[in-house]
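Report on the structure given below.
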Amino acid sequence: MLYHLLLQTVKTQQSAGVSHGQPHLLLYHLIGDKDVEKAVNDLSQAARGESLYVIADEVGSYGYRISNFQTLCDKLLTQVPRLHLWAASCFNKYAPTGWQVEYLTRPLRSPPAVVREIEQDWRITRHCDVHPYSERGVPDHTDGPPVTRLYHRGQGHSGRWPGDCVTCGRELASILHSLRVGVTESSTTTSTTLTSTSGGTTPPCVQWRDVLVLDWYDGSDQSGVVTGLQEAGIPVQVMKDEDIEDVATARSDVVWVAGGRRVRGLERKVVVCLKDPDYQSIKSDLVRPYTRSSFRLDLMSRCTSQLVIVSPDSKALAGD
């Protein structure tokens, strides 16, 4: 998404007769030394003695060895004389030694109702790997839409977790229809609005592309929740590797189902979080807090308006 925003800016400047170079999107999996060497070589060659501007997003995320990022920064400093490098991470303990650090903690993405859910995350409250939120600094004209909760239990529900359950999919579809998602202005004289983070309102007709259904795993086209959504006439698609650009730019007007680790940094007006009953055992096995997804911090924080939580039972979120 960041790359496409930069690309649009450059195109606008070029049409006005101003040129500031060209953005390039480079993807690296910096696990081993060879991966770091490749990144350093690619970037130093691209500089060719000129200034190099690097934006590294989500360092310290899933599967990322932060020590390798330190090595990357150190080597770039020695090989690129005019280096300008910015890196972003929600974790506060893994910045390269000696680099300037700024902490951005104002909750500007989500409304207060969603912020209250996110700030209960164990990485904030217990491990302190993430700084707690500070004051927003602007008036909260509204609390935002109340968080909607569905439970994977009772008659008609099947499977161990919500993602396996057709009934959960049908109930979720009912929620989305109640928000008038996908309803065009020409087809109705009344409309329901969702509250934005700035205290105003979103457009009265929320589109399917404004909805993300987030799970721990990448999901399947045959999963119960996808089947339930499809039965209700909702255009839904499970995100694959080749869909990353489409999801980032919200090009297709569909409800995307994705693993939470794939969409860090993206925002959607309506976010549905599917709770895994094995979350507590996954959490207790953590060695490095940044190596796995966090239900509140990674999934809920994508939401800019309406948050929907689907849990196995009423106690499923206790202690998250």
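The values are calculated or read from the model by the stated rules, or taken from the named source; none is laboratory data. Keep in mind the model is a prediction, meaning the values are calculated, not measured. A quick note on method: Cβ atoms are made from the backbone with ideal geometry, for glycine too, and the neighbour counts reach across all protein chains shown. What goes into the accessible areas is simple: the full protein's heavy atoms, side chains included, and nothing from ligands, DNA or RNA. Shrake-Rupley method; radii C 1.70, N 1.55, O 1.52, S 1.80 Å.
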Under a plain spin-label model, where a point goes 7 Å from the Cα along Cα-to-Cβ, how far apart in nm are M1 and I244? 1.5
Two-site label geometry, E37 and Q120: point separation in nm, points 7 Å out along Cα→Cβ: 4.9
Expected field for H141, accessible surface area in Å² at 1.4 Å probe radius, rounded to 10, holds 140
Descending packing, highest mean Cβ count within 10 Å first, for 117-128, 257-268 is 257-268, 117-128
Once the dipole of region 50-155 is set up with Lys and Arg at +1 and Asp and Glu at -1 on Cβ about the Cα centre, which of V138, P107, W122 lies farthest towards its positive end? W122
Spin-label model distance (nm) - Y133 vs Q79, 7 Å beyond Cα toward Cβ: 4.2
Global size of region 44-161 as Cα Rg and Dmax, reported in angstrom: 20.4, 67
